[in-house]
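The values are calculated or read from the model by the stated rules, or taken from the named source; none is laboratory data. Because the structure is a prediction, the values reported are computed rather than measured. Cβ atoms come from the backbone with ideal geometry, glycine included; neighbour counts cover every protein chain shown. These accessible areas exclude ligands, DNA and RNA; they are computed on the full protein's heavy atoms, side chains included. Shrake-Rupley method; radii C 1.70, N 1.55, O 1.52, S 1.80 Å.
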Amino acid sequence: MSTTGPRDASSRAAVALAAGLHPPVALRVGNLRVGFGDASADDAVRGVSFEVRAGECLAIVGESGSGKSVTARSILGLAGAGARVSADELSLAGESVLGLSESAWRRRRGRAVGLVLQDALASLDPLRPIIREIGDSLRLHTRLDRAERSRRVLEVLDAAGLAQPELYAGRRSGELSGGQRQRALIAAALALDPPLLVADEPTTALDVTVQAQVLDLLEEVRARGTAIVLISHDLAVVGRIADRIAVMHEGRIIETGTTAEVLQNPRHAETRRMLAAVPVDRPRGSRLAPATAVREPVVAHPPARVPERLPERVPVSVASRTPAAEPVAEPVIALEAIGLSKSFRGPHGTLHRAVDEVSFRLPRGSTLGIVGESGSGKTTTARLALALTAADAGEVRLLGEAWSTLPERDRRARRSLVGAVYQDVLGSFDPRLSVREILRHAVAATAGSSSGGGSAGRRATAARVSALLDDVGLAETLLDRRPTDLSGGQRQRVGIARALASSPQILICDEPVSALDVSVQAQVLDLLDELQHELELSLLFISHDLGVIQHVSDQVAVMNDGRIVETGTAAEVFRAPAHPYTQALLAAVPRLP
Amino acid sequence: MSELEIQASATGHGAGRPPASAGGGFGRMRVSVVELAAVLVAVLLLTAAIVPRLLAPGDPLAIDPLAAFGAPSWEHWFGTDESGRDIYTRVVDGARDSLLIGLTATLIGLGLGAVLGTVAGTLGAAVDFTVNRFLEVLFAFPGLLLALLFILVFGPGPGSAIIAVGLSTAPGYARIIRAQLLRVRSSAFVEAATVQGLGRGRILTRHILPNTLAPLLVLGTLGIGQAIVWAAALSYLGLGAQPPAAEWGAMLSAGRTYITSAWWMSFFPGLFIVLTAVCATTLGRSIERRMRHA
C-alpha cells in the first residue's frame with residue numbers, strides 16, 4: 001500500500017472545489033457532550049454541533065475554559081481516560097467514529113485526521129531527530145520502506161515550508177527554532193495526508209512574524225483540499241484564514257457564521273465583548289472592557305475616582321497633564337537607561353549579547369512600551385532596569401540619581417520607588433502564603449520593621465491591604481485564598497496590588513498580560529491605565545504583543561537582537577514605521593477586519 | 001471500600017490541574033483505605049511504644065523453659081523463643097526501642113543534613129565547594145559501612161547505632177536540602193522579594209528557609225522507615241541493641257539460628273520491621289501529596 005490513496009481523496013476534493021461542486025463533508029459533529037468526573041459536575045462541552053467540508057477551515061474560538069480544546073480532542077478520541085463522551089453523531093468523512101475502541105482510533109489517527117498542538121517543544125521527543133518522529137506515522141500506517149519514508153518526510157517538511165529540509169531533518173527538536181518546530185509538527189500531521197487537520201492553538205506560542213508564516217502554511221494546506229478545524233482564543237488570528245467561525249462559551253457554541261459575519265456583525269453579546277477587548281489599533285486611553293468589568297464586582301467605587309478621559313490622549317509628556325498655569329518645564333525623567341549592555345555565556349563558551357547598547361528615557365507619568373520578539377532582550381532589559389542583574393556596561397538612573405551602579409545595600413532604601421509586575425505571577429508569589437500574607441508582607445517591607453509591631457501598626461497594615469485590594473478591584477473575600485485558587489486575572493490583580501504596596505513611582509511590567517485571556521487582558525490593561533492616572537505612575541511596559549503595546553504606550557521602543565532599532569511616539573511608530581524590522585513586525589500582526 | 005479509594009485518586013487527579021476559575025479552594029482530600037490502614041498501624045505502634053502493657057500485659061523477659069520453641073497458638077499468638085519467652089509480648093515491647101531508634105536517627109540525619117545543606121547553599125562558593133567535597137567523601141562509603149565504621153570506633157550499643165544511622169543518612173539529606181535551597185533561591189518569588197526591597201537576611205528567613213525546609217517533613221517521614229530497617233540491620237549484626245533486649249533487629253538475629261525449626265522467631269519481628277517501614281513511608285507519601293495540593 002502506498003500513500004497515494006489518501007492523497008487521491010484530498011486532490012479529488014480540490015478538484016471538486018475547483019469545479020464549484022459541493023465538497024464532501026469531512027467531519028460532522030452532532031450534539032457532542034463531554035464531561036469529566038462526577039456525573040453531577042457540569043459538562044465541559046454541552047451539546048456542540050458543527051460540520052466541516054473538505055477544503056474548508058472552521059475556527060472554534062473561545063476563552064480558556066470554554067470547552068474548545070476538549071471539543072477538538074474528542075474529534076480524535078483523545079478526550080482523556082476520565083471523560084464521558086456522548087454524541088448523536090461523530091463522523092469522519094461519513095464514517096461514524098462514535099465509541100470506537102482505542103486500537104481502532106489508533107488506526108485512524110494520523111491517517112483520517114491529523115493533530116497539530118500548541119506546544120511543539122513538548123510534542124516532539126527531544127531525543128529523536130524529527131525525520132524519525134515524522135517517519136513514525138508512515139512506518140505505522142504504510143508499508144513504505146526506509147528510503148521511501150525518508151523521501152516522503154523530506155517532501156512533507158518541504159511542503160510545511162521548512163527551508164533546507166535535508167539539513168534540518170536529522171536534527172532533534174531542541175536544535176530547532178520555535179517556528180521550525182511548529183513546521184515539523186505540521187509536517188508530522190500532514191505526513192499521511194489526512195483529509196482533516198485539527199490544529200489546537202497552533203500559533204499561540206510563536207512570535208508574530210513566525211505566526212504569520214504558519215498561518216500562511218495552514219492556508220496552503222487548506223487550499224490543497226484538506227479540511228481544517230482551527231482552535232484558537234485569538235479572533236484576529238482566526239480572521240486571517242478561517243472560512244467560518246464558531247464561538248464557544250461555557251461549553252456551548254453561542255454563535256456561528258462566516259468569518260466576515262462573526263467579526264463584523266457579531267450577534268451574541270459575548271462575541272462582541274471578545275471583539276471589543278482586542279487591543280490592536282485601539283488608541284491609548286480608550287477602554288477595552290465594559291466599564292463595570294474593570295474593577296471586579298463587589299467593591300463599590302465613588303465615581304469621582306474614575307477620571308474623565310479624552311478620546312485620544314496626547315502622547316508623552318507630563319506637561320500636557322500638569323495644570324496650564326505652571327510653566328512648561330522639562331519633564332522629569334523617571335527612569336533612564338544609558339548605553340546598557342549585557343552578555344551571557346553560551347553553551348560553547350561563546351558570548352551572546354542579550355542587550356546591546358540600549359538607551360531609553362521614561363518621562364514621569366508616561367508609558368514607555370518595549371516591544372520585540374522572543375530572544376530580543378526585552379526581559380533582560382527589564383531585569384537590568386530593576387537592577388536584578390548587573391550590566392556589563394552602561395547604567396540605569398532613577399529619578400536622575402544613580403540606581404544600577406549602587407551597591408544593593410544602598411539601593412534597598414530606594415527599592416520602594418520601583419514596583420514590578422511579572423508575566424508568571426503565580427511563580428512570583430511565595431507558595432506558602434495567602435493573598436493576605438502576600439500583601440501584608442509587601443506593605444511591611446516598605447514600612448520597615450520598626451513600625452511593624454504593636455496593634456496600631458497591625459491595624460495600619462490591614463487598612464493599607466484593604467486599600468490596595470480596593471485599588472485593583474478585588475473583593476476582600478479573596479484575602480484568605482491562596483493564589484493557586486484564583487483565576488489568572490485575579491492573580492495578576494494581586495500581583496499589581498503587591499507592586500503598588502510601596503507606593504512606587506515607577507512600575508516595570510514584563511509581559512503582564514501575556515498569560516491572560518483577551519477579555520481579562522482588557523480588564524487588566526484598563527486597570528493599569530486607570531491606576532497610572534490616579535497614582536501618577538510611570539510605566540515601563542514590556543510585551544511581545546504589538547496590539548497591547550500600541551494600546552498602552554506613549555513612547556515605543558522596538559527591540560531586535562538586543563538592540564533598540566526604532567523609537568518614537570506610539571502614533572508615529574505604528575503609523576509610519578521607519579525601520580524595516582518594525583515594518584515587518586507590523587505587517588505580520590493579524591488584524592480584525 | 002474500594003470505591004472510597006477510587007474517589008480519593010480521582011480527587012487527586014483533579015487537584016493536579018490548576019483550577020480554571022476562582023470557585024473556592026479544593027475540599028479536603030478524601031482518605032484512601034491504604035492511608036486509613038497506615039494511620040491505624042501507626043496508632044497501634046505508638047500505643048505499643050508508649051504503653052506496651054496495654055496491648056501485652058506479660059513480661060517480655062519472663063522465661064518459661066517448658067514452653068520453649070512453641071509454635072503460634074491461642075496462648076502464644078506469635079509463638080515462643082528458645083527460652084520460652086512470649087514473642088508477641090516481646091514484639092510489642094520492642095516497638096519502643098525500634099521506633100525510638102528510627103525517629104532519633106532520622107532527626108540526627110535531618111538536623112545534620114539541614115545544617116550542612118544550608119551552610120553550603122548560603123555561605124558562598126568556597127564553603128559550598130568544601131562542604132560538597134566533604135559530602136562526596138561520605139558518599140563514597142556505602143551508608144551501612146559508614147555506620148559500621150562509627151560503631152567500630154565507639155563500640156556497639158543502641159546509642160551508637162542511633163548516631164551511626166543518623167550520620168550515614170545525613171549526606172543524602174544535605175544534598176537534597178542544598179539542591180532545594182538553590183532552586184528556591186533562584187525562584188521568581190525570591191526575586192520579587194528583592195524587588196520589594198527586602199534584605200538578604202530577611203529573604204533567607206522569611207522565604208528561602210521555610211520553602212526549603214517544609215518538604216523535609218515529608219522526607220523525614222520517608223526516612224524513618226529506612227532508619228528503622230538500618231538500625232534493625234545493625235542489631236541483627238550484633239552491633240546495636242544486645243540480646244535479650246526485645247529489639248526487633250536483635251530478635252530477628254536471635255531467631256536466625258532456629259529459622260528451619262522455629263520460623264516464627266524471625267518472622268514476626270521481621271514482619272513488624274516491614275510493617276513499620278511501609279506504614280511510615282505510606283504516611284510520608286500521603287503527607288507529601290497533600291502538601292503539594294494544599
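Couple of notes before you dig in:
- The peptide list A:258-266, B:51-59, B:187-195, put in order of mean Cβ contacts within 10 Å with the highest first, becomes B:187-195, A:258-266, B:51-59.
- Cα gyration tensor, segment A:471-533 - rounded (a/c under 1.5), prolate or oblate: oblate
- The H on the amide N of residue A:98, modeled in the peptide plane, is under 5 Å from the matching H of A:90, each at least 5 residues off or on a different chain.
- With R₀ fixed at 22 Å, the C-beta to C-beta distance from residue A:455 to residue A:434 puts the FRET efficiency at about 0.60.
- Of A:476, B:82, the order by accessible heavy-atom surface (1.4 Å probe, DNA, RNA and ligands excluded), from most exposed downward, is A:476, B:82.
- Average beta carbon contacts from partner chains per residue of A:426-437, 10 Å cutoff: 4
- Residue A:57 long-range amide H proximity, modeled H, under 5 Å: A:228, A:243, A:244
- Cα Rg over Rh - segment A:449-584, Kirkwood: 1.07
- Local net charge near residue B:59, Cβ-Cβ under 14 Å (Lys/Arg +1, Asp/Glu -1): -1
- Note on residue A:31/residue A:136: beta-carbon distance plugged into 1/(1 + (r/R0)^6) with R0 of 35 Å gives a FRET efficiency of 0.50.
- Separation in nanometres of the label points that stand 7 Å from Cα toward Cβ, at residue A:463 and residue A:476: 1.3
- For segment B:31-180, the Kirkwood estimate of hydrodynamic radius, built from reciprocal distances between every pair of different alpha carbons, is 18.3 Å.
- Here the 3J(HN,Hα) profile of segment A:454-463, calculated from phi with Karplus coefficients 6.51, -1.76 and 1.60 at θ = phi - 60°, is x, 6, 5, x, 5, 5, 4, 4, 4, 5 Hz, Gly and Pro shown as x.
- Net charge of neighbours whose Cβ lies under 11 Å from the Cβ of residue B:76, counting Lys and Arg as +1 and Asp and Glu as -1: -2
- For peptide A:60-67, the mean count of partner chain Cβ atoms within 10 Å of a residue's Cβ comes to 1.
- Relative contact order of segment A:87-187, pairs being alpha-carbon contacts under 8 Å that are 6 or more residues apart, as %: 31
- Long-range HN-HN contacts of residue A:487 with modeled amide H, under 5 Å: B:22
- Gyration tensor verdict on segment A:515-566 (Cα atoms; rounded if a/c is under 1.5, prolate if a/b is larger than b/c, oblate otherwise): oblate
- With R₀ set to 41 Å, the beta-carbon distance separating residue B:152 from residue A:374 gives a calculated FRET efficiency near 0.10.
- Compactness index (Cα Rg / 2.2 N^0.38 Å), segment A:90-183: 1.19
- Based on Cα contacts under 8 Å between residues 6+ apart, segment B:72-139 shows a relative contact order of 13 percent.
- Among the protein heavy atoms, those of residue A:510 account for about 30 Å² of accessible surface (1.4 Å probe, every chain in place).
- Tensor-based shape of chain A (alpha-carbon gyration tensor, a/c under 1.5 rounded, otherwise prolate or oblate): prolate
- Sorted from greatest to least, the principal axis extents spanned by the alpha carbons of segment B:153-294 come out as 71, 37, 18 Å.
- Solution diffusion estimate, µm²/s, Stokes-Einstein, segment A:350-395, Kirkwood Rh from C-alpha pairs, 4 °C, viscosity 1.567 mPa s: 109
- Label-point gap, in nm, between residue B:54 and residue A:88 - each point 7 angstrom along Cα→Cβ: 6.5
- Full extension of the chain segment joining residue B:260 with residue B:83 gains 62.0 nm, where the gain is 0.36 nm per residue of separation less the Cα-Cα distance.
- For residue A:68, the solvent-accessible surface computed with a 1.4 Å probe is close to 20 Å², ligands and nucleic acids excluded.
- Cβ-defined net charge surrounding residue A:345, 15 Å radius [Lys, Arg +1; Asp, Glu -1]: +1
- For the protein assembly as shown, DSSP calls about 55 percent of its internal beta bridges antiparallel.
- Peptides B:107-114, A:57-64 ranked from most to least packed, by the mean per-residue count of other Cβ atoms within 10 Å: A:57-64, B:107-114.
- q = 0.11, 0.14, 0.26 Å⁻¹, segment A:49-129: log10 I(q)/I(0) [Debye, one scatterer per Cα]: -0.35, -0.57, -1.57
- Neighbouring Cβ atoms from other chains, within 10 Å of the Cβ of residues in A:483-493, number 3 on average.
- Distance in nm between pseudo-label sites at residue A:260 and residue B:140 (7 Å out along the Cβ direction from Cα): 8.0
- Cα-based Kirkwood hydrodynamic radius, segment B:23-98, one decimal, Å: 14.4
- Using θ = phi - 60° in the Karplus curve 6.51 cos²θ - 1.76 cosθ + 1.60, the 3J(HN,Hα) couplings for segment B:67-82 round to 9, 4, 6, x, 6, x, 8, 4, 6, 10, 4, 9, x, 10, 9, 5 Hz; x is entered for Gly and Pro.
- Largest accessible area first, the listed residues A:138, B:167 line up as B:167, A:138 when surface is computed with a 1.4 Å probe on the assembled protein chains.
- Each Cα pair under 8 Å and six or more residues apart adds its sequence gap; the mean of these over the residue count of chain A is a relative contact order of 16 percent.
- Tilt relative to chain A, helix A:4-18 - C-alpha long axis, 0 to 90 degrees, to 10: 70
- In Å², nearest 10: area of residue B:263 left accessible to a 1.4 Å probe: 120
- Rolling a 1.4 angstrom probe over segment A:372-458 with all protein chains present gives an accessible area of which 49% lies on carbon and sulfur atoms.
- Against the criterion of solvent-accessible heavy-atom surface with a 1.4 angstrom probe, A:443, A:85 sort, most first, into A:85, A:443.
- 3J(HN,Hα) along segment A:575-582: 7, 9, x, 8, 7, x, 5, 4 Hz, from the Karplus curve 6.51 cos²θ - 1.76 cosθ + 1.60 with θ = phi - 60°, whole Hz, x for Gly and Pro.
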